[in-house]
Each structure stands twice: as structure tokens, then as C-alpha cells.
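Asker: Okay, handing you the structure first.
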Amino acid sequence: MIFSPEQSSGDTPRVSVVLPVFNRDHLVQRAIDSVLAQTFTQWELLIVDDGSTDGLERRALPLVMNHSSIRYLKHANRKLSASRNIGIHAALGEWVTFLDSDDAYRPQHLQLRVEYIDSHPQVDILHGGVELVGPPETHYVQDAFSPDRKIHIADCAVGATFFGRKSVFIATGGFPRVPYSAESAYLPRLEARFCVERVDFPTYLYYTGLPDSICALRQQGDTPLENAEDN
């Protein structure tokens, strides 16, 4: 199911922002507002509803009608990686990036990344540039490679910060459908074939400590991961 306004060929965005959402109607407006506030304006926002049952469409559909740069896609629940990959395939922009439903961008988030790739044309994928928002004790997550230890989020590859050519995401098959830290499995595959660089612009606001996040449920160990979403 796809809801989108009519767009002319002159409105083709340069950057597509893929925003997967599952039962986060109470949080997602912050993320949406942060995209609307971007200083770089050649974007589209794809809200990918991963089978929400909390009435998200009542929020999304008026946005689509009022903003020609916003599209809304809904499918049966397929989890985070599949939702990101569906957004990649639906994207109209040459460049694709992501935003988790409980996070936000600072106003220059997209502009800084576009300026970087314009000045570094050899680069295919960027990642990094996170500001953590939450108590310091929530800044540590289970290591994807050594589950018996924790690692600081600053030392992780944060999937929502990936910013890359749509063609590269397509060529490499997109995010793997694994229950935890798909970006850790995906990044080596990208680095093996394309030019990948990490940036330090701290413009992605990563909210930590939410009880229904993938990281929190993973650490609890007694809650099924299929109920988790985003961070």
C-alpha cells in the first residue's frame, strides 16, 4: 500500500530518507519534524509503516496530503531490515539514508553529508556522526560479535546513519535480515566492493534507553526480538 502525492519530473529529490515505523505513533512526530526542519531541501521522506496497529496512518496520511515530498508505504510486519530495504527500492533519490522512528536529525544533518559527497566524489557510502541522548549508562549495547560483553555506541556502526548511493545498496542486497545489528554484518560487504568512509559530524540524535528498542530487549534476554523496533 503506497500513498504519495503527484510529483513532476522537476521535483525529483536528490536524497531519499527512509523512516521505518512500527507502533511508534507516540514518538515518530519528532523524527518527521526533524526532516522538515532540514537546511538541505532536496529530499523526500518515505515513511515505511511496518504493519503498525496503533493508528499511525491517521498521522501519516495528512502529512502526505500537505507535503509533496512525503510518501507513506505500509506492509505487513517484516521487521526493520526488510522495511529499510523496501524503502531503498521505492526511493526516487540517487542517495538514500535512514532515520529511526525514535531518533531525530539536527537541521544540518543532510546538508553536511551532501556537501561531503560533493567534495569527495569517490565516496559511495558514509556512516557515523552520532550524538547520544540519554543517561550515560544506556550508551552501551551488546557487542554483535562478542555477546558476553558490551560496547559503547560510539564504537559501533549505526545503521540509521548510513548515507549512500541507491545503486550501491541495491547491488549489495541491502540490509541482511538478522535479529540484531544488521549493520555490523552489512558494513564489511559494502567495504569489500565500494568506497566507504566514516564521518564525525554529530548531527544524528540517537535516543538511548527506550524500553522497547532492539538493544534494550536484546540485553534483557527474555523478550522476543520480533517485538522490537529500531534502536
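Asker: Do the conditions hold for Val141, that is, is it surrounded by 19 or more Cβ atoms within 10 Å (Cβ to Cβ), out of contact with any Phe, Trp or Tyr (no Cβ under 9 Å at 6 or more places or on another chain) and either within 23 Å of His89 (Cβ to Cβ) or in contact (Cβ under 8 Å) with a residue 60 or more places away in the chain (or both)?
Answerer: Against the criterion (surrounded by 19 or more Cβ atoms within 10 Å (Cβ to Cβ), out of contact with any Phe, Trp or Tyr (no Cβ under 9 Å at 6 or more places or on another chain) and either within 23 Å of His89 (Cβ to Cβ) or in contact (Cβ under 8 Å) with a residue 60 or more places away in the chain (or both)), Val141 qualifies.
Asker: Next question. Mind checking which residues of the range 53-79 are under 15 Å from Ser101 (Cα atoms) and free of Cβ contacts under 8 Å to residues at least 24 places away in the same chain?
Answerer: Glu57
Asker: For the range 184-211, give me the residue count where each residue is part of a loop (DSSP other than H, G, I, E, B), over 10 Å from Gly129 (Cα atoms) and touching a Leu at 6+ places or on another chain (Cβ under 9 Å).
Answerer: 3
Asker: If Gly129 satisfies all but one of (1) small (Gly, Ala, Ser); (2) out of contact with any strand residue (DSSP E or B) (no Cβ under 6 Å at 6 or more places or on another chain); (3) at pLDDT 95 or above, what's the number of the condition it fails?
Answerer: (2)
Asker: Which one is nearest to the chain's Cα centre (by Cα), of the residues in the range 140-160 that are among the charged types (D, E, K, R) and either assigned to a strand (DSSP E or B) or closer than 14 Å to Arg198 by Cβ (or both)?
Answerer: Asp155
The values are calculated or read from the model by the stated rules, or taken from the named source; none is laboratory data. Please read these numbers as outputs of a predicted model, since none were measured by experiment. Cβ: placed from backbone, ideal geometry, glycine included. Neighbour counts: every protein chain shown.
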